1. Among 34, 157, which comes first, second and so on when ranked by fewest other beta-carbon atoms within 10 Å?
2. How high is the relative contact order of the chain? Use alpha-carbon pairs under 8 Å, at least six apart in sequence, and give a whole percent.
3. To the nearest 10 degrees, how steeply does helix 162-173 sit against the main Cα axis of the chain, on a 0 to 90 scale?
4. Counting every Cα pair in the range 7-118, what percent are over 25 Å apart?
5. Given Cα pairs under 8 Å that are at least 6 residues apart, what percent is the relative contact order of the range 7-118?
6. How far is the Cα center of the range 151-211 from the Cα center of the range 4-51, in Å?
7. Helix 131-143: angle to the longest alpha-carbon principal axis of the chain, degrees 0 to 90, nearest 10?
8. Divide, for the range 92-236, the radius of gyration over alpha carbons by 2.2 N^0.38 Å, where N is the residue count.
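No value in this document is a laboratory result; all are computed from the given coordinates. Everything numeric in this text was worked out from a predicted model, so none of it was measured. Here Cβ is always computed from backbone atoms with ideal geometry, including for glycine, and neighbour counts include all displayed protein chains.
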């Protein structure tokens, strides 16, 4: 038996884990989410000889309050496909340097849903509606899209809970804050490439973590590499004009 000082959020990708928590036995399968509270003794072992594959996140008290420990001891196993999907996407966002805002965005939604589970009021919140907050966040992202802004900074600046910020922004603009930030960077990168700047310099000038980070998002967005796009500049400039950067005004009264 052992304990952790933080919350342990576990998903199993293959196999099955059996463990004891507070003298009660539980199992973790690939479609389940397991949340082990801090300071509570537990163990874990594979059920089959072939072992198991798992992914683990450790959350501190800023994500889940220690006052929820007792509730987690009673119900450590959560059968929630939406939550599991969100945890999977959070892990993916943590695999690449430079995607901090995406990771923060996904973590905020994961923490919110875990908290709802523990308090027994899980519901499909869906995107929230508050155009005023959404446009204020967009203005902040527009002002700092090159240097970047963290979700925590945005939350403190706008005095709005991080998860609520994500949901109202997604409702208003049909994309998450991290997706909007990346789209602004890609828009600027296109213009710089067509203006003759090298992809290496463009990556630095538009706020991407490094060349690999820039290449990955550019290709995901436009379906081609920055270098190939730059080489097409003469033809593109001869046949089309790039649209202006987004300048949509906030609705009246926002």
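1. On the way: 34 23, 157 12.
Placing the least packed residue first, the sequence is 157, 34.
2. 14 percent
3. 40 degrees
4. Working: 1180 of 6216 pairs.
For the range 7-118, the share of Cα pairs beyond 25 Å comes to 19 percent.
5. Reported relative contact order: 28 percent.
6. Between the Cα centre of the range 151-211 and that of the range 4-51, the gap is 37 Å.
7. 60 degrees
8. Compared with the compact-globule rule of thumb, the range 92-236 sits at 1.17.
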